[in-house]
There are 2 protein chains.
Amino acid sequence: MILSRRLRPSPFEQRAIENGASAFTLYNKMILPLIYESYEIEYEHLCKHVQIWDVACERQVEIVGPDALKLVELITPRDMSKCAVGQCKYAPLCDENGGIINDPIILRLAEDRFWLSIADSDVNLWVKGVAYGRGFDVRVFEPDVSPLAIQGPKADDLVAEVVGEHTRDIKFFWFTDEIIAGTPVKLARSGWSGQGGFEIYLQDSSKGNELWDVFWEAGQKHNLRPGAPNLIERIETGLKSYGQDMTIENNPFEAGLEKYIDISKKAEYMCREALEEVARTGPAKRLVNLVIDGRLEKVMRSDWRVLDSKGTPIGEVTSRVWSPRLGTNIAFAIVQTSHAAVGTKLSVDADGDIHSATVRDARWRSA
Amino acid sequence: MILSRRLRPSPFEQRAIENGASAFTLYNKMILPLIYESYEIEYEHLCKHVQIWDVACERQVEIVGPDALKLVELITPRDMSKCAVGQCKYAPLCDENGGIINDPIILRLAEDRFWLSIADSDVNLWVKGVAYGRGFDVRVFEPDVSPLAIQGPKADDLVAEVVGEHTRDIKFFWFTDEIIAGTPVKLARSGWSGQGGFEIYLQDSSKGNELWDVFWEAGQKHNLRPGAPNLIERIETGLKSYGQDMTIENNPFEAGLEKYIDISKKAEYMCREALEEVARTGPAKRLVNLVIDGRLEKVMRSDWRVLDSKGTPIGEVTSRVWSPRLGTNIAFAIVQTSHAAVGTKLSVDADGDIHSATVRDARWRSA
């Protein structure tokens with residue numbers, strides 16, 4: 001893996017590497033440490049204790065100015081008028097065909113100022129392009145902001161100790177302004193796991209070590225370890241990864257994001273017509289939870305096709321991992337709606353090896 | 001390095017790995033093999049023989065429809081009315097402030113149809129956003145197109161043998177439609193080296209092995225080897241890498257791209273006002289060729305500052321490598337215009353080690 005100036009360093013990269021980060025991916029042209037010891041070890045620890053994650057690759061797109069709310073409303077089918085200052089909303093962004101451009105968490109910093117905390121695509125270019133084309137009175141840019149996550153059941157105790165007891169009262173998907181390690185941050189109760197915790201938006205990339213260290217030191221008595229968004233935990237929890245489980249080829253109905261959109265919202269939004277049509281006719285495909293039998297050793301580099309009982313391809317696996325807790329392979333797959341009902345028996349062609357598979361519900365139950 | 005479905009396979013990935021690709025980067029969310037044996041060995045070979053490169057990561061953005069030319073003109077300060085069907089133009093894309101969004105080669109496929117063969121940023125989102133905002137009658141999307149490059153002084157002989165003698169008459173930055181290995185391609189005389197050669201735009205990603213193999217077999221008597229865009233060769237030749245040597249923070253004057261723009265062109269383009277202003281006042285910074293003395297062992301992970309004779313920071317190194325031919329470190333650096341004249345003596349702070357440095361001209365000469 002060759003690095004260059006094109007691949008920007010995270011403010012937490014030095015600490016992540018010093019603490020044993022051993023496997024990485026690239027995300028928004030930045031290194032994302034994914035494994036320290038193993039997915040399994042870090043999964044067990046994350047579900048019991050507390051971890052510190054370098055997720056600086058969740059870049060921010062700032063939208064500020066008189067037309068900021070109008071622009072944010074235009075690019076998402078979610079009703080952002082309901083997002084108060086100090087609140088966050090998970091909101092798919094869609095193009096005029098309903099295709100998903102990204103699925104950020106949107107933070108409302110002021111009436112006329114937002115951050116889009118993005119998945120892996122150049123949302124700044126999309127939003128700048130739309131704003132330019134419509135002649136909106138806004139400024140769109142990537143500020144110097146890098147999130148650090150504190151995740152796990154002991155996150156509340158650790159953050160209360162470092163930042164103050166008042167942080168226990170921060171509601172899910174709300175944030176406050178704090179000074180931590182002498183530097184101003186936004187502290188949000190959010191994060192890419194189902195184990196609870198916070199995301200801390202550092203606003204000065206020169207202060208990465210200081211911010212890491214203050215949690216590291218206080219965390220020792222809580223059994224704090226370095227970690228990362230965990231493939232096992234996120235699939236068990238049902239967190240979808242943009243670019244992997246859904247792309248611009250999918251609309252929010254296909255991706256199972258109905259509860260994060262409000263297609264009859266009042267404000268103008270660019271995919272209204274497209275999504276109203278999908279709502280009328282029903283989506284052609286569905287992202288489902290799938291259990292796959294047998295041992296799967298191979299890395300999924302090509303598309304693994306999902307087959308119906310006659311062997312006809314009806315979809316693809318998008319993510320998969322071995323779940324130690326469930327004792328089986330758990331996966332997400334995008335399949336034809338006719339084969340998406342919980343309990344449907346299917347099979348998966350894993351580079352030529354056929355494995356039986358069953359659609360499960362969001363909590364991995366059979367019916 | 002952890003792969004996932006988010007990081008798309010190249011049609012040539014299997015052949016690149018079978019043939020010994022040993023170091024990679026990610027580019028447009030796709031693996032780009034960069035080294036087989038070493039930069040030095042591949043540099044020597046590239047300058048004498050012929051190489052086959054997996055550059056599928058040079059993705060295409062297709063713009064097609066009645067407003068296609070109007071849109072292409074809008075997003076670049078280059079005069080695209082002068083680009084004939086069958087011709088390519090290197091054309092920086094700029095936002096309304098003149099900031100460079102990308103620097104594609106634009107192929108004109110028909111009067112109303114273009115491909116933007118892009119560097120590493122989501123140009124499709126930018127162009128889709130602008131087109132939506134302006135209500136242009138076009139379709140913008142990423143087609144199934146993956147370039148394979150044949151580069152080096154023997155490329156002409158190899159391509160003539162495989163495709164036909166008529167290919168010797170293809171002019172620089174023109175392309176033809178061909179059938180190679182039974183699959184339709186665009187064959188362009190272009191490529192990311194100064195050693196000559198072709199880029200072959202495969203239009204069916206299932207045919208990657210076949211296309212590779214036909215050149216591989218015919219290439220054996222020309223001493224064909226696998227290769228990649230070569231850091232030594234591209235810096236010697238003066239090829240700038242988007243995201244590394246220039247970003248959205250730079251305008252085409254700062255990046256030394258004056259000869260690829262026509263700021264008084266007739267068509268509407270969005271950065272006209274911004275670039276006219278830079279042309280009037282002169283750019284504040286300049287990307288220059290810099291020779292750096294001494295041995296530089298370190299990987300450039302942080303910004304290496306360029307200092308004036310008093311030790312004051314006046315810029316940053318953007319790329320650098322050891323040149324065996326010139327027997328010194330060659331680099332690109334972006335420096336204040338006041339320090340950009342050929343012959344200016346500067347120094348470079350390489351993570352605390354100070355090295356003397358001199359601005360050179362585009363051919364690495366002192367004056």
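Which order do peptides B:89-102, A:180-193 fall in by mean Cβ count within 10 Å, highest first?
B:89-102, A:180-193
Report Rg (one decimal) and Dmax (nearest whole number) for the range B:112-224, counting Cα atoms only, units Å.
Both quantities, over Cα of the range B:112-224: 16.1, 54 Å.
Before anything else, pin down the relative contact order of chain B: Cα pairs under 8 Å, at least 6 apart, normalised by residue count, whole percent.
That works out to 17 percent.
Go ahead and estimate [θ] at 222 nm for chain A from helices alone: -39,500 (n - 2.57) per DSSP H run with n ≥ 4, summed, over the residue count, rounded to 500. Walk me through the intermediate numbers first.
Details: 8 runs with 74 residues, N = 367.
Value at 222 nm, helices only: -6000 deg cm²/dmol.
Shape verdict for chain B, please, from the Cα gyration tensor: rounded (a/c under 1.5), prolate (a/b greater than b/c) or oblate.
Oblate.
Just tell me how shielded A:126-139 is by partners: mean number of partner chain Cβ atoms within 10 Å of each residue's Cβ, no decimals.
Numbers: counts 9, 3, 11, 15, 9, 4, 10, 11, 6, 2, 1, 0, 0, 0.
Mean inter-chain Cβ contacts per residue within 10 Å come to 6.
Taking each residue in B:244-251, count the Cβ atoms of any other chain within 10 Å of its Cβ, then average. What number comes out?
Counting Cβ atoms of other protein chains within 10 Å of each residue's Cβ and averaging gives 2.
Between the range B:274-334 and the range B:4-31, how many Å separate their Cα centres?
Cα centres, the range B:274-334 to the range B:4-31: 30 Å.
Can you give the convex hull volume of the alpha carbon atoms of the range A:284-367 per residue, in Å³?
Spelled out: Cα convex hull of the range A:284-367, divided by residues, is 82 Å³.
Using a Gaussian network model of chain A with C-alpha springs under 10 Å, which one of A:N250, A:N28, A:N223 is most mobile by mean-square fluctuation?
The residue that fluctuates most here is A:N223.
Sequence gap at least 6, Cα distance under 8 Å: using those rules, report the relative contact order of the range B:212-311 to the nearest whole percent.
22
Cut-off is 10 Å between beta-carbons; in what order do B:R168, B:R134, A:R59 appear when sorted fewest neighbours first?
Numbers: B:R168 11, B:R134 19, A:R59 25.
In order of increasing Cβ crowding within 10 Å: B:R168, B:R134, A:R59.
Cα centroid distance between the range A:119-153 and the range B:123-164, in Å?
27
Going by C-beta contacts inside 10 Å, put A:M30, B:M1, B:M80 in order with the fewest on the left.
B:M1, A:M30, B:M80
Could you list B:F332, B:F24 in order of exposure, starting from the residue whose Cβ has the fewest other Cβ atoms within 10 Å?
Taking fewest neighbouring Cβ atoms as first place, the list is B:F24, B:F332.
How big is D for the range B:171-291, in µm² s⁻¹ as a whole number, if Stokes-Einstein is applied with the Kirkwood radius of its Cα pairs at 37 °C and 0.692 mPa s?
184
Measuring from label point to label point, each 7 Å out along Cα→Cβ, what is the A:S205 to B:K171 span in nm?
Those two pseudo-labels are separated by 4.3 nm.
So what is the diffusion coefficient of the protein assembly as shown in µm² per second by Stokes-Einstein at 37 °C and 0.692 mPa s, using a Kirkwood Rh over Cα pairs?
It comes out at roughly 120 µm²/s.
Need one number: nm distance between label points at A:I179 and A:M1, each 7 Å from Cα along Cα→Cβ, rounded to one decimal.
Distance between the two pseudo-spin positions: 3.7 nm.
With viscosity set to 1.567 mPa s at 4 °C, what whole-number translational diffusion coefficient in µm²/s follows for the range A:1-158 from Stokes-Einstein and a Kirkwood radius over Cα pairs?
In µm²/s, the coefficient is 75.
Readers should treat all values here as calculations from the given coordinates under stated rules, not as data from a laboratory. Because the structure is a prediction, the values reported are computed rather than measured. Cβ atoms come from the backbone with ideal geometry, glycine included; neighbour counts cover every protein chain shown.
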